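Asks: Starting off with a structure, shown below.
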Amino acid sequence: MQVNLKVRRYDPETPETEPSYRNYSVEMPENATVLDTLIEVREYHDGTLSLRCSCRSAICGSCAMRINGKARLACKTQVGSLVKDGGEIVVEPAGNLPVIKDLVVDMAPFWSKVRAVDPWLKTDGPPPEREYVVPNESMAALGEVMNCIMCGACVSDCTVLEVDQSFLGPAALAKAFRFVGDPRDDAQNGRLRAYSQPSGMWDCTRCNYCVEVCPKDVKPMEQIMKLRSEAVHAGIKNNNGSRHTLSFVDLVDTNGRLDEFRLPVFTEGKFNLIGQLSYLPSAPRMLRAGKMPPIFPHKIPGVKHVKRIFKYFEQNRTKAGEGSLH
Amino acid sequence: MRYAFWPGCVSKGAAPELYQSMVRVAPELGIELEELYDGNCTGAGVISEHSMETADALNARNFAMAQRMELPLINICSTCQGVQSLAQDRMRKRPELAAQVNASLADEGLFYDAEKGLEVKNFLWVLVEDLGLDKLKSMVKKPLTGLKVGPFYGCYILRPENILGMDEHNERDHYLEYVIEALGCTLITYEGQDKCCGFPILTINKKNSLTMAANHLSSAQEEGADCLVTPCPLCHLNLDAQQPDAAKYASVNGLEVPILHLPQLIGLALGMDPKELRVDRHVVSTRKVLANL
């Protein structure tokens with residue numbers, strides 16, 4: 001089949017450094033991958049095209065790039081599968097990372113964030129004589145995150161990194177959970193405190209992009225949610241994120257539905273007047289538009305049943321150690 | 001077309017204009033709503049941060065009520081849709097979870113049959129899949145010709161695709177565009193229409209949250225949108241109620257993009273009175289919209 005590629009090019013060494021798109025039309029078998037096609041272009045059509053690749057079998061994580069607007073591994077994406085998106089296949093470098101040349105991005109910020117979560121086991125006391133023995137089931141929660149190949153697809157399409165480069169990001173935070181959830185690690189509390197700092201786990205906006213684009217089904221956002229759950233249950237409450245979750249739970253437990261009047265107030269902390277005052281400017285305009293949430297929230301008729309559900313799982317958590325990973 | 005109706009907390013709280021427009025527009029479309037007055041919050045993906053099992057049980061309680069009524073469930077909130085679809089998926093895949101959830105519901109005499117499942121559809125999906133675009137077009141009394149409208153979906157109705165039934169309905173990520181065009185409006189597409197409005201982190205990282213909203217609103221305004229339409233009241237809160245604060249992070253001067261709820265745009269095309277649809281109940285004035293009708 002004829003494959004029409006539109007590739008974003010950038011060469012820092014030419015005087016004209018504005019990125020631009022170049023089109024290539026090559027003949028490829030239908031089951032060829034985007035990577036096969038890019039290599040075909042580089043070898044036989046345009047030797048100046050730069051890209052990074054190695055294993056060609058979705059293991060090494062080198063060839064993450066944006067293909068038709070979405071981060072994917074070029075070696076795992078068949079050109080035939082993209083035909084429904086329209087005739088042209090648009091290939092761009094991964095997002096949220098500096099471009100070195102063409103499709104090659106600088107992974108240094110990626111690695112520095114992974115290193116920032118201390119991605120190694122921290123154990124108390126001397127190591128065992130032989131290996132650490134852990135039951136299979138205690139590692140089950142880590143199955144997804146251990147599949148991570150550090151390709152950066154999640155980082156490329158993260159909507160928080162788009163507005164704030166200081167965010168630790170989905171790959172590093174998923175890696176963080178890999179150690180928080182490891183029964184051999186003894187530094188959970190310190191880790192959870194560190195990851196609860198600004199730019200950490202609570203800055204994720206839960207947009208699901210990382211879950212959608214991850215080529216290995218790591219579900220980074222879901223690992224961040226598990227970190228949050230662990231932090232809340234470890235009693236790390238001195239931040240807006242944790243207070244938001246706990247207040248939300250309390251308010252739904254009380255009313256059966258959300259109380260939008262109290263949620264932001266409680267999120268700032270019940271005694272944090274300065275934080276609470278920051279919501280004042282928006283109150284008059286909400287009031288004017290008839291959008292002020294009721295001061296005395298409406299309780300649903302069956303609120304006692306909702307309360308019982310909360311209680312049921314709270315008790316079961318204590319009994320069966322649910323939610324606790326150790 | 002009869003549905004068990006879950007309006008969501010926000011349409012009963014900070015976005016009453018959504019609830020009021022929905023209950024007026026639905027009968028005009030032949031949609032009968034049986035409201036779950038005793039339904040509870042879906043958890044909005046927040047309760048699951050505390051306890052996934054509790055969040056799933058809360059959702060199962062709503063599902064069980066709809067199953068007892070033998071009706072599919074309709075919602076008017078992208079966030080509810082995402083949370084409900086995820087909860088269904090978990091309970092379907094893990095019978096032991098469904099059993100535990102049902103044990104927590106037993107005292108109320110409720111039971112959610114996770115294996116049988118329940119059709120849970122956002123109003124947007126109902127419009128395209130159950131009512132049909134041709135039928136919708138035929139109902140339009142006042143084509144909104146000349147009104148330039150951009151879509152804003154909300155994350156949870158778009159991702160993860162496999163949980164949201166997009167293997168079967170693979171155009172669900174284009175339905176808003178289809179509806180906008182069916183109503184006679186000019187479709188405006190822009191960078192950011194599929195992205196996050198920033199609402200979930202409004203009280204956690206306000207600057208990031210407002211910058212997200214500002215980026216999308218700026219690009220919509222640059223593309224010439226008279227307004228945006230959204231099926232998500234949480235997106236509406238950030239894009240509309242927070243727009244005056246977001247303006248300082250905007251890349252355009254004089255940011256002013258009215259945001260309509262989906263039933264409001266439908267109602268306008270059905271020739272209903274804008275006041276009855278509560279189109280005047282927004283923080284960002286909808287004068288621009290009304291002037292173009």
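Asks: Quick check: anything in region A:206-226 surrounded by fewer than 21 Cβ atoms within 10 Å (Cβ to Cβ), within 9 Å of chain B (Cβ to nearest Cβ) and not in a helix (DSSP H, G or I)?
Replies: no
Asks: Tell me whether region B:182-189 contains one or more residues that are within 14 Å of chain A (Cβ to nearest Cβ), surrounded by fewer than 18 Cβ atoms within 10 Å (Cβ to Cβ), in contact (Cβ under 8 Å) with a residue 12 or more places away in the chain and more than 19 Å from B:LEU133 (Cα to Cα).
Replies: Yes, because at least one residue in region B:182-189 is within 14 Å of chain A (Cβ to nearest Cβ), surrounded by fewer than 18 Cβ atoms within 10 Å (Cβ to Cβ), in contact (Cβ under 8 Å) with a residue 12 or more places away in the chain and more than 19 Å from B:LEU133 (Cα to Cα).
Asks: Within region B:161-246, which helices (runs of 4 or more DSSP H) (wholly inside it) include 1 or more residues that are out of contact with any helix residue (DSSP H, G or I) (no Cβ under 8 Å at 6 or more places or on another chain)?
Replies: B:175-182, B:206-222
Asks: Looking at region B:64-72, can you tell me whether even one residue there is touching a Pro at 6+ places or on another chain (Cβ under 9 Å) and either crowded, with 20+ Cβ neighbours inside 10 Å or in contact (Cβ under 8 Å) with a residue 60 or more places away in the chain (or both)?
Replies: Among the residues of region B:64-72, at least one is touching a Pro at 6+ places or on another chain (Cβ under 9 Å) and either crowded, with 20+ Cβ neighbours inside 10 Å or in contact (Cβ under 8 Å) with a residue 60 or more places away in the chain (or both), which makes the answer yes.
Asks: Here's a follow-up. Would you confirm, using the coordinates I've provided, whether B:TYR112 is closer than 30 Å to B:MET272 by Cα and within 13 Å of chain A (Cβ to nearest Cβ)? Can you show your working first?
Replies: On the way: closer than 30 Å to B:MET272 by Cα: no; within 13 Å of chain A (Cβ to nearest Cβ): yes.
No: the conditions fail for B:TYR112.
Asks: With the requirement that a residue be surrounded by fewer than 24 Cβ atoms within 10 Å (Cβ to Cβ) and of a type outside the set (A, V, I, L, M), what does region B:141-152 give you?
Replies: B:LYS141, B:LYS142, B:PRO143, B:THR145, B:GLY146, B:LYS148, listed by residue number.
Asks: I'm trying to understand the selection: among the residues of region A:234-245, which are within 8 Å of chain B (Cβ to nearest Cβ) and either of a type in the set (D, E, K, R) or over 16 Å from A:ASN272 (Cα atoms) (or both)?
Replies: Once the filter is applied, which keeps residues that are within 8 Å of chain B (Cβ to nearest Cβ) and either of a type in the set (D, E, K, R) or over 16 Å from A:ASN272 (Cα atoms) (or both), region A:234-245 yields only A:THR245.
Asks: Right, here's the next one. Filter region A:11-67 down to the residues that are touching a residue at least 40 places away in the same chain (Cβ under 8 Å), farther than 19 Å from A:VAL105 by Cα and assigned to a loop (DSSP other than H, G, I, E, B) and list them by number.
Replies: Within region A:11-67, A:MET28, A:GLU30, A:ASN31, A:ALA32 qualify.
Asks: Also, I was wondering about something else. Within region B:183-238, which residues are touching a Leu at 6+ places or on another chain (Cβ under 6 Å) and on the phi > 0 side of the Ramachandran plot?
Replies: B:GLY184
Asks: Just checking, how many residues over region A:271-293 are more than 7 Å from chain B (Cβ to nearest Cβ) and either among the basic types (Lys, Arg) or surrounded by 13 or more Cβ atoms within 10 Å (Cβ to Cβ) (or both)?
Replies: Final tally of qualifying residues: 7.
Asks: I'd like to know if region A:262-270 contains one or more residues that are of a type in the set (Lys, Arg), at the interface with another protein chain (Cβ under 8 Å from one of its Cβ atoms) and at negative phi. Steps first, please.
Replies: From region A:262-270, those of a type in the set (Lys, Arg) are A:262, A:270; that's our starting set.
Checking the rest, the ones that are also at the interface with another protein chain (Cβ under 8 Å from one of its Cβ atoms) come to none.
Within region A:262-270, none of the residues are of a type in the set (Lys, Arg), at the interface with another protein chain (Cβ under 8 Å from one of its Cβ atoms) and at negative phi.
Asks: When you look at A:GLU137, is it in a loop (DSSP other than H, G, I, E, B), over 21 Å from A:VAL99 (Cα atoms) and without any contact (Cβ under 8 Å) to a residue 40 or more places away in the chain, yes or no? Give the derivation first.
Replies: Numbers: in a loop (DSSP other than H, G, I, E, B): no; over 21 Å from A:VAL99 (Cα atoms): yes; without any contact (Cβ under 8 Å) to a residue 40 or more places away in the chain: yes.
So A:GLU137 does not fit the description; no.
Asks: Here's a follow-up. Out of the residues in region A:126-146 that are surrounded by 14 or more Cβ atoms within 10 Å (Cβ to Cβ) and not aliphatic (A, V, I, L, M), which is farthest from A:GLY69 (Cα to Cα)?
Replies: Among those that are surrounded by 14 or more Cβ atoms within 10 Å (Cβ to Cβ) and not aliphatic (A, V, I, L, M), it is A:SER138.
Asks: Also, quick follow-up: What single numbered condition from (1) more than 30 Å from A:VAL303 (Cβ to Cβ); (2) more than 12 Å from chain A (Cβ to nearest Cβ); (3) aromatic (Phe, Trp, Tyr) fails to hold for B:PHE123?
Replies: B:PHE123 satisfies every listed condition except (1).
Asks: Can you find, within region A:21-63, the residue that is surrounded by the most Cβ atoms within 10 Å (Cβ to Cβ) among those that are of a type outside the set (A, V, I, L, M, F, W, C) and more than 23 Å from A:GLN2 (Cβ to Cβ)?
Replies: So, considering only residues that are of a type outside the set (A, V, I, L, M, F, W, C) and more than 23 Å from A:GLN2 (Cβ to Cβ), the one surrounded by the most Cβ atoms within 10 Å (Cβ to Cβ) is A:SER62.
Asks: Within the bounds of region A:84-97, is there any residue that is outside any strand (DSSP E or B), among the charged types (D, E, K, R) and outside the structural domain of A:ALA172 (by TED's automatic domain parsing)?
Replies: Scanning region A:84-97, I find at least one residue that is outside any strand (DSSP E or B), among the charged types (D, E, K, R) and outside the structural domain of A:ALA172 (by TED's automatic domain parsing), so the answer is yes.
Asks: Considering only region A:111-145, state which residues are of a type in the set (Lys, Arg) and more than 21 Å from A:GLY169 (Cα to Cα).
Replies: Hits for region A:111-145 are A:LYS122, A:ARG130.
Asks: Would you check which residues across region B:29-50 are among the β-branched types (Val, Ile, Thr) and either at the interface with chain A (Cβ under 7 Å from one of its Cβ atoms) or surrounded by fewer than 24 Cβ atoms within 10 Å (Cβ to Cβ) (or both) and list them?
Replies: Hits for region B:29-50 are B:ILE31, B:VAL46, B:ILE47.
Asks: Continuing with the same structure: Applying the selection to region A:247-261, what residues are over 11 Å from B:CYS41 (Cα atoms) and either more than 7 Å from chain B (Cβ to nearest Cβ) or crowded, with 24+ Cβ neighbours inside 10 Å (or both)? Steps first, please.
Replies: Going residue by residue through region A:247-261, those that are over 11 Å from B:CYS41 (Cα atoms) are A:247, A:250, A:254, A:260-261.
Result: A:SER247, A:ASP250, A:THR254, A:PHE261.
Asks: Tell me, yes or no, whether region B:134-152 has at least one residue that is among the aromatic types (Phe, Trp, Tyr) and within 30 Å of B:ALA64 (Cα to Cα). Let's see the steps before the verdict.
Replies: To start, the set of residues in region B:134-152 that are among the aromatic types (Phe, Trp, Tyr) comprises B:152.
Still in the list and also within 30 Å of B:ALA64 (Cα to Cα): none.
For region B:134-152, residues among the aromatic types (Phe, Trp, Tyr) and within 30 Å of B:ALA64 (Cα to Cα): absent.
Asks: If you don't mind, there's one more thing I want to ask. Return a yes/no flag: does region B:111-132 have any residue that is polar (S, T, N, Q), surrounded by 21 or more Cβ atoms within 10 Å (Cβ to Cβ) and touching a Phe, Trp or Tyr at 6+ places or on another chain (Cβ under 6 Å).
Replies: no
The values are calculated or read from the model by the stated rules, or taken from the named source; none is laboratory data. Quick caveat, the model's predicted, so the values are computed rather than measured. Cβ coordinates were reconstructed from backbone atoms using ideal geometry, including for glycine residues, and neighbour counts include every protein chain displayed.
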